[in-house]
Amino acid sequence: MHRLNDQQARREKKWDGGQLPKNTAVGLLLAMLVCLAPATAQQPPEAHRLKYRSPGLTVDLGVGLWAWPLPIDWDGDGDLDLLVACPDVPYAGTWFFENPGGQGKLPVFKPAVRVGPKLSNPTLSLVAGQPRVLVPGHELVDFRQNGFTRPAPIHPRANVHPQKVRANQWRYVDYDDDGQLDLLVGVGDWTEYGWDNAFDAEGHWVRGPLHGLVYLLHNAGTTEQPRYAEPRLLEAAGQTIDVYGMPSPNLADFDGDGDLDLLCGEFLDGFTYFENAGTRAEPNLAAGRRLTHQGRPLAMDLQMIVPVAVDWDGDGDLDLVVGDEDGRVALVEHTGRVVDGLPQFLPPRYFQQEADEVKFGALVTPVSFDWDGDGDEDLICGNTAGYIGLIENLDGGNPPRWAAPRLLDADGRAIRIQAGPNGSIQGPCEAKWGYTTLSVADWDHDGLPDIVANSIWGKVVWFRNVGSRGQPRLTAAATIEVEWPAGSPPPKPAWNWWDPAPRELATQWRTTPVAIDLNQDGLNDLVMLDHEGYLALFERRRRDGELTLMPGQRIFHNEQGQPLRLNAESAGRSGRRKLCLADWDGDGRLDLLVNGRNVDWLRNVSTAKRPWTFAAAGPLDDRHLAGHTTSPTVVDWNRDGRPELLIGAEDGRFYYRPQAQPE
C-alpha cells in the first residue's frame, strides 16, 4: 500500500455517489473492489464451499455452529470414531469423522461425511457396552441402519420440566444398581433469565441466572417393560442441583471407587463435579465442585459446551469428549489421578482432521486483502469467539491454495474481544462471545494496512500496523475517535447501560465498520451503522496536520428518498449487519452487499440529483446460509477486474460464487 502524500490529502474534489470519477487516484481497497466489465446476462453458478486444496494439511476438526459429539465405533474397526451432530444451518446434519487408527489418543480424523439429519439434543448412552442414542422422549433405534431417522418413544412426555426448556438431554442410566435402566434428564431453564436488555446503570444483571437442572425418572418396571416414576429433581448436599444452564449430565465412576458420580457441563465453559458420597445402590451426591487444573478452573475455549464421558484412550478411566459452540470437539483427558476426592483432568486439546473445507470458527466475517504484501489476496476474519485470524493465500491460484487459520496477535497477545459479564446486551450468559467484524485499510495513512474492528460491545477500535508491508505487526486496540460537537455527550444506542468516553465511537453491536475512501479525497473514511441503525458516513478530514473523524452523516437513501436504515430494531435485535461496498454489476457505481438469508444486493441507482441512492435487488444466491447472519466480501481470484462473491457463513465456512461469464 502506497503512502498518501499531502497533496492528495488536500484535494477538495468529492464524489457524489454516481459514476466513478475518471483519472482519479483511488485507495488500494477501493481499486480492488471496483470492477470495470459490463454486467452479464448468464445465470451465475451457485455458491459452493471453499476448499483448502492443501494436501497433508491438518486443521481443527469441526462441524457448523454447535457440536454435539457422539464417540462411537461407527465403522466397526475397533477404535472410536467421532459422530458429531450439528443443529444449525447451513451445516445441519449428523457427521461422521473416521478415526484412521494407529495414531494414539489424538488421531487426525478423515474429513466429515454426512450420515444423518440434524438431531435435537442427541445424547450417547452406553448400555452393556453398546451405544444407544437418545433425543428428548425417544430413542433412535438401529441408528446405523436407519441413519438416525427412526425415533421410538420411550416416555409420553418429551419435556418433563414444568417450564419451556432450551436444553433437554436424556440418558439411560442404572441409577441405583438394581439392574434396570432409569432415565436421567438434564434441562436448561431460561424462564428467570428472560433474554436481553436487563442491566442496571452500573452494568449489573437484574434478572435471574440460567438454571441447569437434572431429573431422575426411576424405573419401577424392567428395562424391557419400563414403568417410570414421576420425575424428581436430583439433589446434592441437600440442595437441588443447579448449574448455569445446559447441564449435559454424565453419571459414571469418575473417581474409581465403584459408585456413580455426576459430572455436569453448563451453558458457559466449565464443569461441575458431584461426588457420590454414598454407595452404588444408595447414591448420596456431595456438593458440587468445579473441575480445576493447576489450581485454576478447567474451561473450554468457547461456550455452549456438550461433554460426553467415555474412556477415549482405553486406559480404564473416563475422559470427556466435549463439543464447543464453534463446531470444534476437544478431548479433556482424565489423568487417572484423584486429589481430595476431585478427579484430575487435563485442559482441552482440540481434535484435528485432514483439511477439507476452509473454516474459521462460527459466523465468520471475512475480508479479502493482501495482508502479507506478496501479491495475492488473503482472508482476514473475525468470528463468534472474538478472535481475528489470517488465512493465508499460498499460491495466488484460482481458486487459491490456503494455509490453516492463524490467530493474529497485538503486542504479542492473541487478539480476542469478549463480552465478559456485561458486554453483551443479551446478558451474562454470552460472556465468552466477541462477534468480531472488521475491515482492513491504512487507517493512519502511514503506508501500512491496519485493522478496524467492531464487536459484541459496539465499540469500534483499530489495531495499528507497526511492522512492514511484508511482515505486519499489530499494536493493542485503540479507540476510534470522533470529533463530536463540543458540549454534547457522544451518542450511543438507547439501550446501552454504559456511556462512551468523550471521543469514543459507540454504535450498534456486531455490524461491520467499512474503512474506505468513499469521497475520493485521499483519506480513508468510515461507513457503518450509526447508533440508531442508519447507514452513515463518518468523514475523515485533516486539520492542522492531524487526522480527524467527523460525526456520522446519513447520506445514504432508499428509492423513496428516506435515509437508509438497515436495522430499526432495538437491544439484542439491533445491529448484526455485515456489509461490503463493491461495484457488483459493473456500472461504475459502488453497490451495497449486505447480510441476509444469503447476501442481499442493494444496487446503487444514484443520479446527480439523488446521490447515494440504493434499490433492493434481491439475494445474490439461493442457498440458506444464515440462521443469524452471513458476512459478504468480494475477491478477484481470476484477476479479470470483476468482483466475485465470497460469503462468510454461520457454519464458519466460506461460500464462493463467481460472476457469470460475459456472453
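Would you kindly state how much longer the chain becomes between residue 157 and residue 497 on full extension, computed as 0.36 nm times their sequence separation minus their alpha carbon distance, in nm to one decimal?
Extending this stretch completely gives an extra 118.3 nm.
Okay, which of segment 144-182 sit inside 19 Å, backbone N to the point 7 Å along the Cα-Cβ direction of residue 115?
144-152
Ratio of Rg to Rh for segment 458-542, alpha carbon only, Kirkwood?
0.99
Please list, short to long, the whole-number percent of alpha-carbon pairs of segment 236-376 in consecutive 5 angstrom bins beginning at zero.
P(r) over segment 236-376, rounded to whole percents: 2, 9, 17, 20, 17, 11, 7, 5, 4, 3, 2, 1, 1, 0.
On alpha carbon coordinates alone, what is the Rg over Rh value for segment 320-420, Rh being the Kirkwood radius? Intermediate results must be reported in sequence, preceding the final value.
On the way: Rg = 17.4 Å, Rh = 16.0 Å.
Using Cα coordinates only, the ratio equals 1.09.
Full extension from residue 164 to residue 356: what is 0.36 nm times the residue separation minus their Cα-Cα distance, to one decimal in nm?
Residue separation times 0.36 nm, minus the Cα-Cα distance, leaves 65.2 nm.
Looking at segment 124-207, which chymotrypsin sites (Phe, Trp or Tyr not before Pro) are in a loop (DSSP not H, G, I, E or B) and have at most 12 other Cβ atoms within 10 Å?
The qualifying sites: there are none.
Modelling each spin label as a point 7 Å along the Cα-to-Cβ direction, I'd like the residue 220/residue 411 distance in nm, to one decimal.
Here the answer is 6.5 nm between the modelled labels.
Starting at 0 and stepping by 5 Å, how many percent of the alpha carbon pairs of segment 237-287 end up in each bin?
Once binned at 5 Å, the Cα pair distances of segment 237-287 give 5, 23, 29, 23, 14, 5, 1.
Between segment 296-342 and segment 561-638, how far is it from one alpha carbon centroid to the other, in angstrom?
43 Å
Apply the Debye scattering formula to segment 415-506, with a single equal point scatterer on each alpha-carbon and no solvent, then give log10 I(q)/I(0) at q = 0.12 Å⁻¹.
-0.44
Please work out the FRET efficiency for the pair residue 550 and residue 233, using the Cβ-Cβ distance as r and a Förster radius of 60 Å; give the result to the nearest 0.05.
Efficiency for this residue pair is about 0.55.
From Cα pairs below 8 angstrom and at least 6 apart in sequence, can you work out the relative contact order of segment 586-663, rounded to a whole percent? Kindly include the intermediate steps, with their values, before the conclusion.
Values: 141 pairs, mean separation 17.3, N = 78.
For segment 586-663, the relative contact order is 22 percent.
Please say if segment 95-188 is rounded, prolate or oblate, where rounded means a/c under 1.5 for a ≥ b ≥ c the square roots of the C-alpha gyration tensor eigenvalues, and otherwise the choice is prolate for a/b larger than b/c and oblate otherwise?
Prolate shape, in that a/c is at least 1.5 and a/b is the bigger ratio.
Accessible area, 1.4 Å probe, largest first: how do 334, 204 sort?
Sorted by accessible area, descending: 204, 334.
Could you tell me the number of lysine pairs in the chain with C-alpha atoms less than 25 Å from each other, where the two lysines are 8 or more residues apart or belong to different chains?
Eligible lysine pairs with Cα atoms under 25 Å apart amount to 23.
Place a point 7 Å from the Cα of residue 287 along the Cα-to-Cβ direction; which residues of segment 237-279 have their backbone N under 14 Å from it?
Zone members listed by number: 237-242, 273-275.
Got a number for carbon plus sulfur as a percent of segment 561-606's accessible area, 1.4 Å probe?
40 percent
Classify segment 533-618 as rounded, prolate or oblate, taking a ≥ b ≥ c as the square roots of the eigenvalues of its Cα gyration tensor: rounded when a/c is under 1.5, otherwise prolate if a/b is larger than b/c and oblate if not. Provide the component values of the computation, followed by the final result.
Numbers: a/c = 1.76, a/b = 1.23, b/c = 1.44.
Taking the square roots of the gyration eigenvalues as a ≥ b ≥ c, segment 533-618 is oblate.
When the Cα centres of segment 144-223 and segment 61-133 are compared, how far apart do they sit, in Å?
22 Å
For the chain, take the alpha-carbon Rg, divide it by the Kirkwood Rh, and send me Rg/Rh.
Ratio value, two decimals: 1.01.
Do any trypsin sites (Lys or Arg not before Pro) in segment 600-654 lie in a loop, going by DSSP, with at most 12 other beta-carbon atoms within 10 Å of their beta carbon, and if so which? Walk me through the numbers before you get to the answer.
Numbers: sites: 603, 609, 623, 639, 653; in loops: 609, 623, 639.
Answer in residue order: 609, 639.
Report the gain in length on full extension from residue 252 to residue 568: 0.36 nm times residue separation, minus Cα-Cα distance, nm rounded to one decimal.
Fully extending the segment from residue 252 to residue 568 adds 108.8 nm.
What accessible surface, in Å², does a 1.4 Å probe find on residue 599, ignoring ligands, DNA and RNA and rounding to the nearest 10?
The value for residue 599 is about 0 Å².
Determine the relative contact order of segment 330-479: mean sequence separation of Cα pairs under 8 Å and six or more apart, normalised by residue count, in whole percent.
Numbers: 331 pairs, mean separation 23.7, N = 150.
That works out to 16 percent.
Quick one: what are the phi-derived ³J(HN,Hα) couplings along segment 168-179, Karplus 6.51/-1.76/1.60 with θ = phi - 60°, whole Hz, x for glycine and proline?
Listing the rounded values in order: 8, 10, 9, 9, 7, 8, 9, 5, 10, 6, 9, x Hz.
Given a 1.4 Å probe and every protein chain left where it sits, what share in percent of the accessible area of segment 237-288 is carbon and sulfur?
Carbon-and-sulfur percentage of accessible area, whole number: 45.
Any idea what Rg and Dmax come out to for segment 53-128 if you just take the C-alpha atoms, in Å?
Final numbers for Rg and Dmax: 12.9, 43 Å.
With every protein chain left in place and a probe of 1.4 Å, what is the accessible surface of residue 271, to the nearest 10 Å²?
About 0 Å², ignoring ligands and nucleic acids.
What 222 nm value per residue comes from the helices of the chain, counting each DSSP H run with n ≥ 4 as -39,500 (n - 2.57) and dividing by all residues, nearest 500 deg cm²/dmol?
Computed ellipticity for the chain at 222 nm equals -500 deg cm²/dmol.
What list of whole percents do you get for P(r) of segment 505-663, with Cα-Cα distances grouped in 5 Å bins up to the one holding the largest distance?
2, 9, 16, 21, 21, 16, 10, 4, 1, 0, 0
Give me the Å³ per residue figure for the convex hull around the C-alpha atoms of segment 180-308.
Cα convex hull per residue, to the nearest whole number: 146 Å³.
Given the peptides 228-241, 51-64, 93-106, 372-385, arrange them by the average over their residues of other C-beta atoms within 10 Å, most packed first.
Working: 228-241: 14.6, 51-64: 19.3, 93-106: 16.6, 372-385: 21.6.
Ranked by mean Cβ neighbours within 10 Å, highest first: 372-385, 51-64, 93-106, 228-241.
So, in nm, how far is label residue 395 from label residue 48 when the simple model puts each one 7 Å beyond its Cα toward the Cβ?
1.7 nm
Would you mind putting 511-518, 386-393 in packing order, based on average other-beta-carbon counts within 10 Å, highest first?
Averaged packing, sorted descending, gives the order 511-518, 386-393.
May I ask you to give the solvent-accessible area per residue for the chain, in square angstrom, as obtained with a 1.4 angstrom probe?
Per-residue accessible area for the chain comes out at 39 Å².
In a Debye calculation with equal point scatterers on the alpha-carbon sites of segment 274-343 and no solvent, what is log10 I(q)/I(0) at q = 0.22, 0.25, 0.27 Å⁻¹?
-1.14, -1.25, -1.28
Using a 1.4 Å probe over the heavy atoms of the protein chains, calculate the carbon and sulfur portion of the accessible area of segment 437-530 as a whole percent.
Its accessible area is 53 percent carbon and sulfur atoms.
Can you tell me the alpha carbon radius of gyration of segment 475-515 divided by the globular rule-of-thumb value 2.2 N^0.38 Å?
Dividing the Cα Rg of segment 475-515 by 2.2 N^0.38 Å gives 1.24.
Would you calculate the convex hull of the Cα atoms in segment 417-469 and tell me its volume per residue in Å³?
73 Å³
The values are calculated or read from the model by the stated rules, or taken from the named source; none is laboratory data. Given the structure is predicted, the values throughout are model-derived calculations rather than measurements. Methodologically, a virtual Cβ is constructed for each residue, glycine included, from the backbone with ideal geometry; neighbour enumeration extends over all protein chains shown. SASA here: full protein model, heavy atoms, side chains in, ligands and nucleic acids out. Shrake-Rupley method; radii C 1.70, N 1.55, O 1.52, S 1.80 Å.
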